[in-house]
Amino acid sequence: LPPCGLTCIMDNVLVSSCRTVANTSCLCSNEDLQAVVQQCLQTRCTVLEAIDTTRVEAGMCQKPRRSRKADIFATLAVEIPAFICALLRLFSRWYTAAHFELDDYVMLVLFFIAESMYLAIITLTKISILFFYLRIFPNPGFRAACYIIMTWVSITGIVFLAMQIFQCIPIAYSWEGWKGTYGQHRCVNINTLAFTAAGISIAQDVVILALPLPLLARLQVSWRSKLEVMVMFSLGIFIVITSCIRLRSIVYFARSSNPTWDYTDALIWTGLEAAVSIIVVSLPAIRVLVTRISPKLLASIGKLRGSSLTGSHQTGSGNAYHPRS
């Protein structure tokens, strides 16, 4: 045991109902004592010393080993489809238009940074949606609004990305500081930064989601077609939902004594938000691809079925009559 961990245990055991460290059954079952010891570890010990003490205590009490690997792997159920959707989006543009538009090039850039830069992913996803709006809506006022919002998204994205990278000086403190032994450093309030970035991102999602709805409502098409288009554009609500859930999961930023465990929810929902954003942005292009391919696919299936039925009919007719010799 680290010296500070042993001190925390000895000082608190002597004033508890257990009285002695030899009474291991009491030490392992006394929840009040364990809570007091944990509080002492957080105030007197470094994070590594607290973790070492907790690991020894867990082994002595034969506590089951905790793991959240399954939770992290479960996010692949959304992230893998997101990767496939992005590929289908790019194939759709090549297949239906034989060239890429600006929103597609932005998605290509997103591919290269998807694994490491959440803020850049979210910013580029919003910009891709706005380029998509500019491509299909000619209204001058609407286009001006798109450029204004794009500027807002770009500026906030760059500012928050820079603040995230340089949140601590030296930068290495961002991934080594949790040990509590780094030395001199200076950091911004990481909780405030995370909540501010998440709040502004949600506000931008809502604005971008609502932006085309007035134009869609005035489309001169049947109500069924209008409803289909509005549903397609409204799928962005799923981005807002995942953003709000992620906001709740980042309360432990800069406050956790066990970041490898406490940050898991934030990691999961950050990945899910990025994946959902990619899927939603890719759906319009995938819809065009499906619309183009479906008639040809159905026609091919129809021909195959027709050939099969004709062959069966001819075989049946041939077996229906057997002349005698």
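The values are calculated or read from the model by the stated rules, or taken from the named source; none is laboratory data. Nothing here was measured: the structure is a model prediction, and the numbers come from that model. Don't worry about glycine lacking a Cβ; one is built from the backbone with ideal geometry, like all the others, and counts go over all protein chains shown.
Data table
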| quantity | calculated |
| --- | --- |
| Filter result for ILE136 (touching a residue at least 60 places away in the same chain (Cβ under 8 Å) and in the same structural domain as PHE238 (by TED's automatic domain parsing)) | no |
| Single condition LEU272 does not satisfy, out of (1) crowded, with 16+ Cβ neighbours inside 10 Å; (2) modelled with pLDDT under 70; (3) part of a helix (DSSP H, G or I) | (2) |
| Where ALA162 falls short, out of the listed (1) of a type in the set (Gly, Ala, Ser); (2) under 21 Å from LEU272 (Cβ atoms); (3) modelled with pLDDT of 80 or more | (2) |
| Number of positions in the stretch 13-67 that are within 29 Å of GLY183 (Cα to Cα) and in a loop (DSSP other than H, G, I, E, B) | 2 |
